[in-house]
Amino acid sequence: MPTKHHVLKSIAIGYSLHILRITYFGIHHRFARAGRSRNIYTRIIMATQASGTFDVTVTPQKSGNEADDAIVGRLSIDKQFHGDLEGTSRGQMLAAGTEVKGSAGYVAIERVTGTLQGRDGTFVLQHNGIMNRGEGDLHIMVVPDSGTGGLAGIAGTMGIIIADGKHSYTFDYTLPESV
């Protein structure tokens, strides 16, 4: 079951904290103002966290340049999501390795089709991953304005966990209130 939590987008320091609620684009936004005379506002977003597992198939594709295939690879991605997000995704990945063991990078785009929080639709995820001598740094975010159907207006970030050969995800997201 998804859980609610607050995500603070900036930090404000002051003597007191005032909450301001604004509605635009049909979404309720709350801002906090710190200090008596300061005009610093912190956006507070009510985010929901979804989690579950997924199965993934990655298939190498020809790049069109055989000489580059040893360094830069193009792969197709097919996923099946289970848990709070039920659905599938299809995408493309570009990956590059180096001569240094444990150093590589990849970018990917995938379109997710499924049901989240009882709402059906699609959205696009963009991946940016780096391995620096075995230390990984991965960022996966929803492409702005890519949501359709019941998932129109979705925003968020996804994390991937790989343990014992199994894949799972956490997905921190916001959705406009249903009308």
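The table below gives the values:
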{"item": "Neighbour cut-off at most 14 other Cβ (10 Å), DSSP loop, trypsin sites (Lys or Arg not before Pro), region 86-179", "result": "K101, R133"}
{"item": "Principal semi-axes in Å for region 78-136 [√(5λ), Cα gyration tensor, largest first]", "result": "30, 11, 8"}
{"item": "Kirkwood Rh, angstrom, region 119-161 [1 / mean 1/r, Cα pairs]", "result": "11.5 Å"}
{"item": "Segment S63-N132, length gained on full extension (0.36 nm per residue, minus Cα span)", "result": "22.4 nm"}
{"item": "Neighbour cut-off at most 15 other Cβ (10 Å), DSSP loop, GluC sites (Glu not before Pro), region 79-153", "result": "E99"}
{"item": "Stretch gain in nm, segment D78-T53, where the contour uses 0.36 nm per residue and the Cα spacing is subtracted", "result": "7.6 nm"}
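Taken together, the values in this text are just the output of simple stated rules run on the coordinates, not laboratory data. Everything quoted here is computed from the prediction, not taken from an experiment. Here the Cβ is made from the backbone with ideal geometry for all residues, glycine too, and neighbour counts use every protein chain on show.
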